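Since the structure comes first, as structure tokens, the remarks are kept for the end.
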Amino acid sequence: MAWILDLDGVVWLGDEPVPGSAEAIARLRDRGERVVFVSNNSSARVGEYLTKLAGVDVPATAADLITSGQAAASLVEPGQTALVCGGPGVDEALVARGARTVRAGDADAVVVGWHRDFDYERLTAAATAVLNGARLIGTNDDPTYPTPAGPIPGGGAILAAVATAAGVEPVVAGKPHQPIVDLVTARLGDALRGSTLVGDRPSTDGLMAKALGVQFALVLSGVTSADDLPVEPTPAQVVSDLAALVR
């Protein structure tokens with residue numbers, strides 16, 4: 001049995017920890033539960049995520065983390081060229097896969113993820129590569145990204161811009177789609193049975209739990225509020241935050 005935790009909206013909001021999340025994770029580990037973090041945010045490198053987790057008093061290793069950037073990289077074959085329209089986490093995952101990464105020009109695939117420096121030049125480079133025959137892969141299609149000040153445009157908004165400009169349907173790798181389902185299944189193995197997935201977005205976390213065949217617990221510390229209820233798929237539990245769920 002394992003606990004599969006989203007990061008944004010569950011463990012932290014932007015750079016601010018969700019109160020009680022670190023203590024809740026420590027309590028789960030003290031009980032002998034496996035805890036893994038599965039994020040649709042592909043912007044940062046694995047080491048940066050681990051440093052950020054340590055900074056909110058949640059020690060973790062690379063084996064505890066799965067990102068949508070890694071899921072997207074799994075769709076690119078070693079030796080292929082991938083144009084990165086995303087953050088450093090996407091580039092790192094592709095290089096680890098054995099792909100060659102570029103920022104412009106022709107490519108076998110264009111991989112789009114959430115990043116704050118997206119602009120018209122990035123849009124032009126990505127769309128042009130797709131128009132010239134590259135496959136379009138999105139790390140995720142979340143329309144928004146949770147912050148302490150409220151939602152801001154997410155990776156799905158950037159992906160939609162590229163897809164619209166290129167006139168194609170993208171393949172999406174992150175939650176709740178099959179590439180990241182496969183990564184989680186491979187990582188957890190038999191420990192997946194009886195597990196709980198905790199997230200703040202039913203359209204990704206809830207459907208991901210359904211695809212994995214595990215229980216979905218919805219927390220209201222991220223993009224979903226009490227005013228949004230009821231939601232589909234129906235969560236097994238709805239709580240204010242991870243601390244309340246673990247209690």
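Things to note:
- At 1.567 mPa s and 4 °C, Stokes D of the stretch 62-207 from Kirkwood alpha-carbon radius, µm² per second: 83 µm²/s
- GNM flexibility winner over the chain from Leu28, Leu220, Leu65 (Cα, springs under 10 Å): Leu28
- Measuring max minus min along each principal axis, the C-alpha atoms of the stretch 175-247 give extents of 35, 26, 16 Å (largest first).
- Ranked packing of 153-160, 238-245, 110-117, most packed first, by mean Cβ within 10 Å: 110-117, 153-160, 238-245
- Amide H contacts of Ala107 (H built 1.01 Å from N, in plane; Pro and chain starts excluded): Ala134 sit under 5 Å, all sequence-distant by 5 or more or on other chains.
- Gyration tensor (Cα) of the stretch 1-146, equivalent ellipsoid semi-axes in angstrom: 32, 16, 11
- With θ taken as phi - 60° and the Karplus curve 6.51 cos²θ - 1.76 cosθ + 1.60 applied, the whole-hertz 3J(HN,Hα) list for the stretch 8-22 is 5, x, 10, 8, 8, 10, x, 9, 9, x, 6, x, x, 5, 5 Hz, x standing for glycine and proline.
- Residues whose amide H comes within less than 5 Å of that of Val35, counting only those at least five positions distant or on another chain, are Trp3 (H built at 1.01 Å from N in the peptide plane).
- When the convex hull of its Cα atoms is projected in every direction, mean area for the chain (nm²): 12.3 nm²
- Estimated FRET transfer efficiency when R0 is 45 angstrom, pair Asp57-Glu169 (beta carbons, to 0.05): 0.60
- What the Kirkwood sum gives for the stretch 20-92 is a hydrodynamic radius of 13.5 Å, with every pair of different alpha carbons counted.
- Dimensions of the stretch 75-161 based on its C-alpha atoms, expressed as ranges along the principal axes with the largest first, amount to 41, 26, 18 Å.
- Beta-bridge orientation, the chain: approximately 10 percent antiparallel, per DSSP, counting only bridges with both partners inside.
- Cβ-Cβ FRET estimate between Asp190 and Glu48, R0 fixed at 30 Å, reported to 0.05: 0.45
- Largest first, the extents of the alpha carbon coordinates of the stretch 126-184 on the three principal axes equal 39, 29, 12 Å.
- Helix 155-166 and the long axis of the chain differ in direction by around 20°, with both axes built from C-alpha atoms.
- Spin-label model, Ser240 to Asn132: label points 7 Å out along the Cα-to-beta-carbon direction sit 5.4 nm apart.
- Candidates Glu92, Glu121, Glu16: whichever shows maximal mean-square fluctuation once the chain is modelled as a Gaussian network with Cα springs under 10 Å: Glu121
- Quotient of Cα Rg and 2.2 N^0.38 Å for the stretch 188-227, N being how many residues it contains: 1.21
- In sequence order, the stretch 50-56 has phi-based couplings of 5, 5, 5, 4, 4, x, 10 Hz under the Karplus curve 6.51 cos²θ - 1.76 cosθ + 1.60, θ = phi - 60°, and Gly or Pro positions carry x.
- Computed extension length for Leu229-Glu77: 50.6 nm, one decimal, from 0.36 nm per residue of separation with the Cα-Cα distance subtracted.
- The chain: most fluctuating residue of Gly86, Gly98, Gly199 per GNM, C-alpha cutoff 10 Å: Gly98
Read the figures in this text as sums done on the coordinates, not as results from a lab. Values in this document were obtained by computation on a predicted structure and should not be read as measured data. With ideal geometry, Cβ positions are generated from the backbone for all residues, glycine too; neighbour counts draw on all protein chains shown.
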